[in-house]
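The values are calculated or read from the model by the stated rules, or taken from the named source; none is laboratory data. Everything numeric here is computed off the predicted structure, so don't read it as measured data. Heads up, the Cβs are rebuilt from the backbone with ideal geometry, glycines too, and the neighbour counts pull from every protein chain shown.
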Amino acid sequence: MASSAPPAAATTAAPVSPAASAAGGLAATPPMGFNNWNSTHCRAEFDEKMVEGIADIFVEKGLRDAGYQYVNLDDCWALPARDADGHLVPDPARFPHGIKAVADYVHAKGLKLGIYTSAGTKTCNSAGFPGALGHEYSDARQFADWGVDYLKYDNCNNQGVDAKQRYTTMRDALRATGRPIVYSICEWGENKPWEWAADLGQLWRTTGDIDDSWGSMLSILKKNLPLAPYAGPGHWNDPDMLEVGNGGMTDTEYRTHFSMWSVMAAPLLIGADLRTASDATFGILGNKEVLAVDQDPLGRQGTVVSSEGGRWVVAKEMKDGSRAVALFNESGGAQRVATTAAAVGLPRAAGYTVRDLWRHETRNSAGTLAATVPAHGTVLLRVAADGRWAQYPPAAELGLEGSTLTRAGGTADLTSVLGGLGRTPALDASVSLDAPEGWTVRAQSPTRTTVLRNGHPLRTSWRVSVPEGAATGAYDLTVRAAYRSPTGARVRTAVPVRATVAVPPPAGTSSLGDLPWLSTVNGYGPVERDTSNGEDAAGDGHPLTIGGVVYGTGLGVHAESAVEFYAAKRCERITAEVGVDDEKGDRGSVTFAVLADGKEVASTGTMTNAMPARSLSADVSGAEVVRLVVGDAGDGVDSDHADWAEARLHC
């Protein structure tokens, strides 16, 4: 049988320091590659043909040349039982030629192979594949003999053994093989591995599993951002794999996901099935300017410069002295996000170059960094105090002010703002506003100016009329601008803006489970009407149940969550019975809050599954939009299924 005791040569091994880890060449920059779990889980399609096909795609689509190295197998690659000698056995149906043959194929493509197991008696899959607890040295030896280059070591079925002890044993076992294997500690952040794991592995998970939803990605992002001091060459915070391309978010949200993971110097492990990925997905994953931010050899994780009202500025110091700056808009509507070169750590200079890493455009700036960022969007800039700034056209910001929420047959009064940010002025500037067919747009003030100087924006008023009979829903407006630089270059820019046509709520009392919402964000799966959150598919919830009491109507959500309703300035109050749903047993802790036009008007503080439902009443008099928010109470989102039971809007 396999022995859990280390060989004699390994008993005197000294711990590896972060500096030594980086110097040894393991993960000097965040690992980049692929992992099948997010797209295939344990389905039959996960097999050697798929894995080798991914390696082919890495080469054919230029991902290898862009820096992606690892093709990693997740759970379910093995048989459910070890052999008579205690060794792991690859599933012959999935991997008929064995793991070494797959590794050889991947290596022949100039890539590396990764594998998965758990620091417990079984892996995390419900089928119960063998984990490595008690078999660390024999398993590590098998991995090395197969040519494995990367180990993801999970945390399931750990039998209560101290986490640091379990992960240290596997560290020693991997070192004893003599093969350089990147060690990914997938401990979910439960025991703050960022405080102790730098001497063990090259990366450690800081959160629970990601889900292909805006709410899940946002929650994980917020937990990983404060951990910047712990990241660096050879030791990285890991906020879990990428969901880019899996279909649960928009391309705008996926660009935010990719931008923020890169600014955080996070490992970039593709989770989409590249065999069916769209050109847009490859465009995001293959953006070399964004990848250069993630892979910068200085190895700094970006830090939060400011965060207020859903407007985030995160800056990352780069080895060449520049700064990568993410202007991130968490909210459900377009917002202006702004900072300065000084605030992100750049020295005072006559002018700055500002490179937009998604538009691939360079402008000059006098020091202000600003953009109108669409809902859930991120503008990613690389900014430098660069003496060559005058070679580039002046930067200008373009935005649209005023409420884009109206009803069929109604009007909206909006103001476009074109502001010069450059060290040099913009010349012959003009603006226009595009609206859907059938809508009417009229300028109420001048749309042109001869000279656009820094600090003297062109403000143009517009009246937008929505035709009678326009369907409820979201519509796209586009504000456009054109100007000329002093060197003669013509510059054009545009900002998309989402307008919403909504139906006012009826008079009297309405169940929120029956009313249309303007937008939703949910931490796991969709928001459910009149049932609990359930799992990650629509319609899989259960009766709303808090403290053993079943409720017939309401909303089932999962932290972090927000649901917006149009109140049309004609409602007075929201009432609900709120609490943690019983479906997760004794787990889960959340907070509830109601916001009226962005102002908090009611909240509960922390509520746990042990508490009965609490009556919540919020004064929303005169509000146009009411927002129901569930937070994670500061302890993570695991099992945070929350109910807005018997939720009513009184108008």
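Residues in segment 312-327 that are in a strand (DSSP E or B) and either within 18 Å of the chain's Cα centre (by Cα) or surrounded by fewer than 18 Cβ atoms within 10 Å (Cβ to Cβ) (or both): TRP312, VAL313, VAL314, ALA315, LYS316, ALA324, VAL325, ALA326, LEU327.
The one condition from (1) touching an Asp or Glu at 6+ places or on another chain (Cβ under 8 Å); (2) assigned to a strand (DSSP E or B); (3) crowded, with 21+ Cβ neighbours inside 10 Å; (4) not acidic (Asp, Glu) that SER615 does not meet is (3). Screening segment 428-441 for residues that are assigned to a loop (DSSP other than H, G, I, E, B) and on the phi < 0 side of the Ramachandran plot and picking the one that is surrounded by the most Cβ atoms within 10 Å (Cβ to Cβ) gives ALA435. Among the residues making up segment 232-254, those that are part of a loop (DSSP other than H, G, I, E, B), crowded, with 24+ Cβ neighbours inside 10 Å and in contact (Cβ under 8 Å) with a residue 40 or more places away in the chain are GLY234, MET241, LEU242, GLU243, VAL244, GLY245. Set side by side, the residues THR449, THR415 differ, and just one is over 27 Å from PRO505 (Cα atoms), in contact with a Lys or Arg (Cβ under 7 Å, 6 or more places away or on another chain) and among the β-branched types (Val, Ile, Thr), which is THR415.
For segment 595-651, a residue qualifies if it is within 25 Å of LEU218 (Cβ to Cβ) and among the acidic types (Asp, Glu), and the qualifying residues are ASP597, GLU600, GLU624, ASP632, ASP635, ASP638, ASP640, ASP643. When MET50 is tested against (1) under 28 Å from the mean Cα position of the chain (by Cα); (2) in contact (Cβ under 8 Å) with a residue 40 or more places away in the chain; (3) surrounded by 23 or more Cβ atoms within 10 Å (Cβ to Cβ), just one condition goes unmet, and that condition is (3).
Of all residues in segment 292-340, those satisfying the criterion of being touching a residue at least 24 places away in the same chain (Cβ under 8 Å) and among the charged types (D, E, K, R) are ASP294, ASP296, ARG300, ARG311, LYS316, GLU317, ASP320, ARG323, GLU330, ARG336. Take ALA144 and decide whether it is at pLDDT 95 or above, within 23 Å of ASN36 (Cα to Cα) and of a type in the set (A, V, I, L, M). Criteria met by ALA144. Each residue in segment 634-651 was checked for being over 12 Å from ARG587 (Cβ atoms) and part of a loop (DSSP other than H, G, I, E, B), and 2 pass.
Do we find that PHE258 is crowded, with 18+ Cβ neighbours inside 10 Å, closer than 23 Å to ALA338 by Cα and either assigned by TED's automatic domain parsing to the domain that holds VAL51 or not hydroxyl-bearing (Ser, Thr, Tyr) (or both) in this structure?
Working: crowded, with 18+ Cβ neighbours inside 10 Å: yes; closer than 23 Å to ALA338 by Cα: yes; either assigned by TED's automatic domain parsing to the domain that holds VAL51 or not hydroxyl-bearing (Ser, Thr, Tyr) (or both): yes.
Judged against the criteria, PHE258 is a match.
In summary, SER219 fulfils each of the numbered conditions (1) surrounded by 21 or more Cβ atoms within 10 Å (Cβ to Cβ); (2) closer than 21 Å to PRO374 by Cβ; (3) in contact with a strand residue (DSSP E or B) (Cβ under 8 Å, 6 or more places away or on another chain) with the single exception of condition (3). Apart from one condition, ASP635 fits all of (1) under 24 Å from ILE210 (Cβ atoms); (2) surrounded by 15 or more Cβ atoms within 10 Å (Cβ to Cβ); the exception is (2).
Picking from residues in segment 282-311 that are among the polar types (S, T, N, Q), over 18 Å from ASP240 (Cα atoms) and within 17 Å of the chain's Cα centre (by Cα), the one that is surrounded by the fewest Cβ atoms within 10 Å (Cβ to Cβ) is SER307. For segment 255-281, the candidate set comprises residues that are assigned to a helix (DSSP H, G or I) and within 17 Å of LEU203 (Cα to Cα); within that set, the residue that is nearest to the chain's Cα centre (by Cα) is TRP261.
If only residues of segment 328-348 that are of a type in the set (A, V, I, L, M, F, W, C) and in a loop (DSSP other than H, G, I, E, B) are counted, the one that is surrounded by the fewest Cβ atoms within 10 Å (Cβ to Cβ) is ALA342. I need the full set of residues from segment 318-348 which are of a type outside the set (A, V, I, L, M, F, W, C) and either modelled with pLDDT of 95 or more or assigned by TED's automatic domain parsing to the domain that holds TYR566 (or both), in order please. LYS319, ASP320, GLY321, SER322, ARG323, ASN329, ARG336, THR339, THR340, GLY345, PRO347, ARG348 - these are the residues of segment 318-348 that are of a type outside the set (A, V, I, L, M, F, W, C) and either modelled with pLDDT of 95 or more or assigned by TED's automatic domain parsing to the domain that holds TYR566 (or both).
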